[in-house]
Amino acid sequence: MSRTFELVSMPATREPRSLLSVDRAVSELRRGRMVVIRGHEGRAVLMMAAEVVSEVATDDAFGCLAEIAGTSPVLAITNRRAAVLGLHGREQKQTVGAEGTNGNVSLISPAGDGAGFDAGQIALLADPTGVPDAPQFEALLENIAQLDTEPFSCESAAVQLTKLARLLPAAVVAEINDPTANDLTVWAARHDLFETDAGDIFQHEKTIARTLNRVSEAKVPLFDAENTRVIAYRPQDGGLEHLAIVIGDPAKDGDVLVRLHSECFTGDLLGSLKCDCGDQLRGAISEISKQGSGVLLYLAQEGRGIGLVNKLRAYELQDRGFDTLDANEQLGFDADERVYLPAAEMLRELGYERIRLLTNNPDKVAAMALCGIDVTERVQHAFPANKHNEQYLDTKVRRSGHLI
């Protein structure tokens with residue numbers, strides 16, 4: 001029997017501080033700055049996002065990170081990225097539990113002089129869209145040492161923070177080993193660095209889901225559904241809003257027809273032919289209207305949860321021959337990074353806990369059940385392919401188990 005996912009509340013006085021802390025850390029990373037992460041048992045690290053290497057960071061910045069922390073940096077990446085680099089299949093100088101594709105791994109520079117990786121090496125290891133010099137890159141990979149990271153370590157928190165920032169899932173991390181850092185908060189302030197807590201990072205998506213508030217509502221007549229209301233839900237950190245598009249007047253004591261639709265700028269707005277998202281969005285609105293009533297949840301989780309910029313990177317990799325799932329994994333993400341807790345919380349706030357789910361994706365059915373929503377029926381939702389998305393749709397059937 002599957003267990004229902006339960007949200008565990010943190011103390012009320014802690015929750016707002018937790019949200020603000022992670023939100024500010026995300027902002028620091030996206031600006032190319034370093035962030036202090038406090039872990040358990042007094043451990044702490046200094047980190048920056050690997051992606052900023054090619055934008056605002058330089059070798060001097062990495063030298064500064066090492067100097068401030070007092071240790072040589074490592075590169076923390078996901079096991080997904082390590083696997084596509086071929087690192088898990090090699091004999092390493094130092095390997096601890098590198099099996100599998102879940103979790104993260106820390107890469108150690110082969111330089112042996114305490115200098116760590118240089119900016120160019122970081123960019124090549126973190127970003128698959130670059131085109132490295134093959135012999136030099138192969139030599140780099142052959143000599144890298146790797147250490148598996150604990151699931152809730154500072155290194156894992158650093159990688160998770162880059163995901164929350166919608167950057168590439170890779171971080172340059174140095175353990176703080178400074179005798180003046182006994183009071184970490186004072187130490188961080190003295191160096192003009194922002195400090196956040198690893199536990200807050202790991203809990204952030206769950207905390208965001210349970211702090212959604214209804215902030216706005218309006219009647220919005222649609223082409224295929226004139227009797228429609230759009231309701232906006234915003235998390236307490238002021239982050240991206242999710243939308244509930246309520247068509248007609250669904251009965252709260254019935255099995256309401258529901259579509260979970262992840263936003264897709266290219267498909268929904270531009271009419272991209274690389275996916276079927278636009279067809280699914282407009283088709284769902286039309287189908288719900290035909291059946292009299294229902295709800296479409298428009299979720300702010302572009303590109304299966306990796307963000308628009310990373311989705312464009314995945315498109316670039318698809319043009320090189322990778323399918324849609326492999327492209328995400330080349331970048332270091334799971335095939336699907338979406339979280340459905342916000343959808344479940346929105347449905348409960350609207351008063352619906354029994355739904356007929358308009359989807360071809362069995363994972364959505366299972367996810368909603370884990371979040372405490374009773375899915376009484378899966379309603380098929382498929383559209384014809386075109387020459388640009390045939391492989392995309394075929395991949396969803398073959399590799400993701402979509403039922404069409």
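Tabulated data for the structure shown
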read-out	value
Strands (runs of 3 or more DSSP E) fully within the stretch 217-276 counting 2 or more residues that are farther than 26 Å from Pro362 by Cβ and of a type in the set (D, E, K, R)	228-234
Hits in the stretch 236-268 - residues which are under 18 Å from Ile306 (Cβ atoms) and surrounded by fewer than 19 Cβ atoms within 10 Å (Cβ to Cβ)	Gly239, Leu240, Phe265
Selected residue (criterion: surrounded by the most Cβ atoms within 10 Å (Cβ to Cβ)) from residues of the stretch 201-216 that are polar (S, T, N, Q) and not in a helix (DSSP H, G or I)	Thr211
Of the criteria (1) in contact (Cβ under 8 Å) with a residue 24 or more places away in the chain; (2) within 20 Å of Leu243 (Cα to Cα); (3) not in a loop (DSSP other than H, G, I, E, B), which one Glu337 fails	(3)
Filter result for the condition that a residue is of a type outside the set (Lys, Arg) and at pLDDT below 90, over Leu46, Leu29, Leu87, Leu107	Leu87
Residue in the stretch 280-301 that is over 23 Å from Lys219 (Cα atoms) and touching a strand residue (DSSP E or B) at 6+ places or on another chain (Cβ under 6 Å) present	yes
Residue list for the stretch 113-155, restricted to those being in a loop (DSSP other than H, G, I, E, B) and among the polar types (S, T, N, Q)	Thr129, Thr149, Ser153
Residues of the stretch 350-385 satisfying the condition of being part of a strand (DSSP E or B), more than 18 Å from Leu299 (Cα to Cα) and of a type in the set (A, V, I, L, M, F, W, C)	Val375, Val379
Leu347 being assigned to a strand (DSSP E or B), modelled with pLDDT of 90 or more, within 24 Å of the chain's Cα centre (by Cα) and buried (at least 17 other Cβ atoms within 10 Å of the Cβ)	no
Among the candidates Ala158, Ala174, Ala181, Ala189, residue that is crowded, with 19+ Cβ neighbours inside 10 Å and part of a helix (DSSP H, G or I)	Ala158
Single condition Arg210 does not satisfy, out of (1) of a type in the set (D, E, K, R); (2) closer than 21 Å to Val35 by Cβ; (3) at pLDDT below 95; (4) in contact with a Leu (Cβ under 8 Å, 6 or more places away or on another chain)	(2)
Pair list, Cβ < 6 Å and 6+ apart or interchain, from the stretch 230-242 residues that are farther than 16 Å from Arg338 by Cα to residues that are among the aromatic types (Phe, Trp, Tyr)	none
Pairs with Cβ under 7 Å, 6+ apart, first in the stretch 54-67 and over 12 Å from Met34 (Cα atoms) and surrounded by 14 or more Cβ atoms within 10 Å (Cβ to Cβ), second modelled with pLDDT of 85 or more and aliphatic (A, V, I, L, M)	Ser54/Ala123
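The values are calculated or read from the model by the stated rules, or taken from the named source; none is laboratory data. Note that this is a predicted model, so its numbers are computed, not measured. So basically every Cβ, Gly included, is an ideal-geometry build from the backbone, and we count neighbours across all protein chains shown.
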